[in-house]
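**Student:** If you scroll down you'll find the structure; I have some questions about it.
Every number here is computed from the coordinates shown, using simple stated rules; none is lab data. Note that this is a predicted model, so its numbers are computed, not measured. FYI the Cβ positions are ideal-geometry reconstructions off the backbone, even for glycines, and counts take in every protein chain you see.
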Amino acid sequence: MSAAPFTDEESARLRADFPILSRTVRGGHPLVYLDSGATSHKPTVVLDAERRFYEHTNAAVHRGAHQLSEEGTDAYESARATIARFVGASADEVVFTRNATEALNLVAYAFSNGAAGGGGGRGDRFCLAPGDEVLVTEMEHHANLVPWQELCRRTGATLRWVPVTPEGKLDLEHLDSVLTERTKVFAFTHVSNVLGTLNPVHELVERAHAVGALAVLDACQSVPHLPVDVRDLGVDLMAYSGHKMFGPLGVGVLWGRPELLDEMPVFLTGGSMIETVTMEGSTYAPVPQKFEAGVPVAAQAVGLAAACDYLTALGMDRVHAHEQMLTERMVRGLGERSWVTVLGPADLRDRGGAVAFAVEGVHPHDVGQVLDDRGVEVRVGHHCAWPLHRALRVPASTRASFAAYTTPAEVDALLEALDRVPALFGLEVPA
Amino acid sequence: MDLYQELILDHYKNPVRAGLRDPFEGQSHQVNPTCGDEVTLRVHLVGTGADAVVEDVSYDSMGCSISVASASILAEEVTGGTVSHARETYEAMRAMLTSKGEDPGDEEAIGDGVALAGVAKYPARVKCALLSWAAFTDALYQAEGAQK
């Protein structure tokens, strides 16, 4: 039997775990937060875990031999194990970064450091040269596009991309023309941060591996919203952020297949990540420490582990079912309004928990302002995916995105607030 | 909502002096990277120095009601006036928009610009209202340089 959305009682209980959800905005309107794709709110257990770390355990982990340092290191490494388990991985395959953007930059810089012959890498998998190609898609968040553009500029490799269809899905018909023996990396998103498009990861990984390319997955919009298992997906490297999944700001994750991480050159260098240092040169610590230069983000990691435990207790299959229900309600409600165009796949099975739309003749900034006036908080603009908007021939869009704590009533609140737009902007609305 | 004054929506739907025209001595393209709004604006001057006259302001504005209305109001207010008048108008607009709502704006100085006073209370929208003014001051600087 498939999982069910949260009941009203369950919803009310879980919302009580998030203190911010009870505040009001813009002159007394209850907060209707539909921007969890940008960042999620944090349950009390996460805030408590982070606070407890600072109050009881605070120490520079992996340094010193005193009791606090021991306990801090233990808390940090236990957090790593919990966070790894959450995506079906082992602890030594998880690297902490400041955010997903840094995790993707880590990989991109590993390639150029490899090309420069340095950085403690092994083998030639992470060497990129003119003639090599990096493949991305037109629907990527800038975080999974700009680092690859810069990598190509530094190494002389060529950037190619998979276009999107007008429906906002990857155009895989011509994948063979851009995914070739020259492709060394294929970096793509699991779920589009704008359209919610759920990409066929298994198929893409298989195609990447068939030509010997590494598959790098941006999982920022999937790990918080649906069950994710790295072994099942078959990807080689995967990046996601903590703050979008009820965790604190300032912590992201890079997961990688252990043998790959072992071969991969380092990115940020300095303390904590070394094995030996002399004035002439250095050797580096084993994975994952070799990728964690400087005093690590221990309190944030502990907070993120608490978030993983919280989500596990909710059940990721139920979180997914709940957001599917909300997506369906939103897409149906918007579809009933002739003056609104829903962007992205028509088939709900191809969608995650984000719905972007356009109102003919009214700029998303204005739509967002009208919603905000009623306490409905959505994202407007290009959502760090400018090329995707160009491909869809819209300058920008309005996006509602969900989390486990979002309710059907909040979807309805958006629709109700949206209905003020036609009159305010003088749109012709058929009766 | 007091942000969307009738006057703003009028300028949005029927922007004054819209479109790019020749001749011009200065042109500037400005982008708001957070939302992708863009404006290209041209300035045509007659005469030199502070007494030079802004003979034409033409523009192509793609953006929200606030940014389009602001470009329209700009063109209306500065066209036909002197360069020094245009600069005074800009200073008065900027002062109002960055006042966080303290400065209601002086209709004598900025005309229909007072309708944008509500924008100052929404920090995320101030840039929308200032985008075309950034293009104007840049284009004006180029136009003055071209005369030397």
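**Student:** So if we plug the beta-carbon distance of B:GLN147 and A:THR276 into 1/(1 + (r/R0)^6) with R0 = 60 Å, what FRET efficiency do we get, rounded to 0.05?
**Tutor:** Efficiency, rounded to the nearest 0.05: 0.35.
**Student:** Could you give the dipole magnitude of the stretch B:1-102 about its Cα centre, charging the beta-carbon of Lys and Arg +1 and that of Asp and Glu -1, in debye to the nearest 20?
**Tutor:** 140
**Student:** With θ set to phi - 60° and the Karplus curve 6.51 cos²θ - 1.76 cosθ + 1.60, what are the ³J(HN,Hα) couplings of the stretch A:398-408 in order, to the nearest whole Hz, using x for Gly and Pro?
**Tutor:** After applying 6.51 cos²θ - 1.76 cosθ + 1.60, I find 9, 10, 9, 9, 10, 9, 4, 7, 6, 10, x Hz.
**Student:** So how tilted is helix A:100-115 from the main axis of chain A? Cα-based, degrees 0 to 90, rounded to 10.
**Tutor:** 40
**Student:** Evaluate peptide B:11-18: per residue, the Cβ atoms of other protein chains within 10 Å of its Cβ; return the mean as an integer.
**Tutor:** Mean partner-chain Cβ count within 10 Å for B:11-18: 1.
**Student:** Still on this structure, please answer the following. Sort A:271-284, A:401-414, B:12-25 by the packing proxy (mean of other Cβ within 10 Å over each peptide's residues), most packed first.
**Tutor:** Per-residue Cβ counts within 10 Å, averaged per peptide and sorted highest first, yield A:401-414, B:12-25, A:271-284.
**Student:** Another question, if that's okay. Using just the C-alpha positions of the stretch A:100-162 as equal point scatterers, what log10 of I(q)/I(0) does the Debye formula give at each q in 0.14, 0.22, 0.23, 0.30 1/Å?
**Tutor:** -0.36, -0.86, -0.93, -1.30
**Student:** Give the whole-number value, in cubic angstrom per residue, of the convex hull volume spanned by the C-alpha atoms of the stretch A:1-80.
**Tutor:** 173
**Student:** Non-local amide H neighbours of A:LEU214 (under 5 Å, H modeled in plane, Pro and chain starts lacking H): which ones?
**Tutor:** Under 5 Å from the amide H of A:LEU214 lie the amide H atoms of A:VAL185, A:PHE186, each far enough along the sequence or on another chain.
**Student:** Okay, moving on. For a quick check: with amide H placed at 1.01 Å from N, whose amide H comes under 5 Å from A:HIS363's, ignoring anything fewer than 5 positions away on the same chain?
**Tutor:** B:SER65
**Student:** Which entries in the list A:LYS244/A:LYS290; A:LYS184/B:LYS127; A:LYS42/B:LYS13; A:LYS169/A:LYS244; B:LYS13/B:LYS121 go over 31 Å, if you measure between the two C-alpha atoms of each?
**Tutor:** Among A:LYS244/A:LYS290; A:LYS184/B:LYS127; A:LYS42/B:LYS13; A:LYS169/A:LYS244; B:LYS13/B:LYS121, the Cα-Cα distance tops 31 Å for A:LYS184/B:LYS127; A:LYS42/B:LYS13.
**Student:** Quick check: Cα centre of the stretch B:107-134 to Cα centre of the stretch B:1-50, how many Å?
**Tutor:** Distance between centres, Cα-based: 13 Å.
**Student:** Further question on the same structure: Express in nm, to one decimal, how much length is gained between B:ASP106 and B:MET62 on full extension, taking 0.36 nm for each residue of separation and deducting their alpha carbon distance.
**Tutor:** Contour length minus Cα-Cα distance gives 13.1 nm.
**Student:** A follow-up question, please. What percent of all Cα-Cα pairs in the protein assembly as shown falls into each 10 Å bin, going from 0 up to the bin containing the maximum distance?
**Tutor:** Using 10 Å bins, I get a P(r) of 3, 16, 22, 22, 19, 12, 4, 0, 0 for the protein assembly as shown.
**Student:** Within 10 Å of each Cβ in B:35-46, how many Cβ atoms from other chains are there, averaged over the peptide?
**Tutor:** Shielding by partners across B:35-46 averages 2.
**Student:** Something else now. Pop out the ³J(HN,Hα) list for the stretch A:135-142 in order, Karplus 6.51 cos²θ - 1.76 cosθ + 1.60 with θ = phi - 60°, rounded to Hz; leave Gly and Pro as x.
**Tutor:** Along the stretch A:135-142, the couplings run 10, 10, 10, 6, 9, 6, 5, 3 Hz.
**Student:** How long is the gain from A:SER2 to A:ASN58 if the chain were fully straight, where each residue apart is worth 0.36 nm and the alpha carbon distance is subtracted?
**Tutor:** This chain segment gains 15.9 nm when fully extended.
**Student:** Turning to a different aspect of this structure: Could you give the distance between the Cα centres of the stretch A:167-227 and the stretch A:14-90, to the whole Å?
**Tutor:** Going from one Cα centre to the other spans 30 Å.
**Student:** A further question on this structure: Per residue and in cubic angstrom, what volume does the convex hull of the Cα atoms of the stretch A:82-189 have?
**Tutor:** With only Cα atoms used, the stretch A:82-189 gives 134 Å³ per residue.
**Student:** Please report the antiparallel percentage of the DSSP beta bridges confined to chain A, to the nearest 5.
**Tutor:** For chain A, the DSSP antiparallel bridge percentage is about 60.
**Student:** So how strong a dipole does chain A carry about its Cα centre when Lys and Arg Cβ are +1 and Asp and Glu Cβ are -1, to the nearest 20 debye?
**Tutor:** 600
**Student:** Next question, about the same structure. Considering the alpha-carbon set of chain B alone, what are its Rg and its Dmax in angstrom?
**Tutor:** 14.2, 47
**Student:** What does the convex hull of the Cα atoms come to per residue for the stretch A:114-269, in Å³?
**Tutor:** It comes to 119 Å³ per residue, whole-number rounded.
**Student:** Same structure again: May I ask for the angle, rounded to the nearest 10°, between helix A:298-314 and the longest principal axis of chain A, with both axes built from Cα atoms and the value confined to 0 to 90°?
**Tutor:** 50
**Student:** With the contact rule set at Cα under 8 Å and sequence spacing of 6 or more, what percent relative contact order holds for chain B?
**Tutor:** Here the relative contact order equals 30 percent.
**Student:** Ignoring everything except DSSP H segments at least 4 long, calculate the 222 nm mean residue ellipticity for chain A; use -39,500 (n - 2.57) per segment, divide by total residues, nearest 500.
**Tutor:** -10500 deg cm²/dmol
**Student:** Further, regarding this structure: Just the number, please: Stokes-Einstein D of the stretch A:217-273 in µm²/s, Kirkwood Rh from C-alpha pairs, 37 °C, 0.692 mPa s.
**Tutor:** Roughly 257 µm²/s, to the nearest whole number.
**Student:** Also: In whole angstrom, how far apart do the alpha carbon centroids of the stretch A:399-424 and the stretch A:241-295 sit?
**Tutor:** 41
**Student:** Separate question: So, R0 is 30 Å and r is the distance between the beta-carbons of A:SER78 and A:ALA12; what FRET efficiency does that work out to, to 0.05?
**Tutor:** Here the calculated transfer efficiency is 0.40.
**Student:** Quick one: Karplus J couplings for the stretch A:43-60, per residue in order, coefficients 6.51, -1.76, 1.60, θ = phi - 60°, nearest Hz, x for Gly and Pro?
**Tutor:** Going residue by residue, I get x, 4, 4, 6, 4, 5, 5, 5, 5, 4, 4, 5, 7, 10, 10, 3, 6, 6 Hz, with x marking Gly and Pro.
**Student:** Taking neighbour Cβ counts within 10 Å as the exposure measure, how do B:THR82, A:THR158 sort from fewest upward?
**Tutor:** Least to most surrounded, the residues fall as A:THR158, B:THR82.
**Student:** Considering all alpha-carbon pairs of the stretch A:220-357, what whole percent are spaced by more than 24 angstrom?
**Tutor:** 49
**Student:** May I ask for the net charge around A:VAL378, where only other residues with Cβ less than 9 Å from the Cβ of A:VAL378 are counted and Lys, Arg are +1 while Asp, Glu are -1?
**Tutor:** Net charge in that neighbourhood comes out at -1.
**Student:** Given H placed on each backbone N at 1.01 Å, which residues far from A:LEU159 in sequence or on other chains put an amide H within less than 5 Å of it?
**Tutor:** Counting only residues 5 or more places away or on other chains, the set is A:VAL134.
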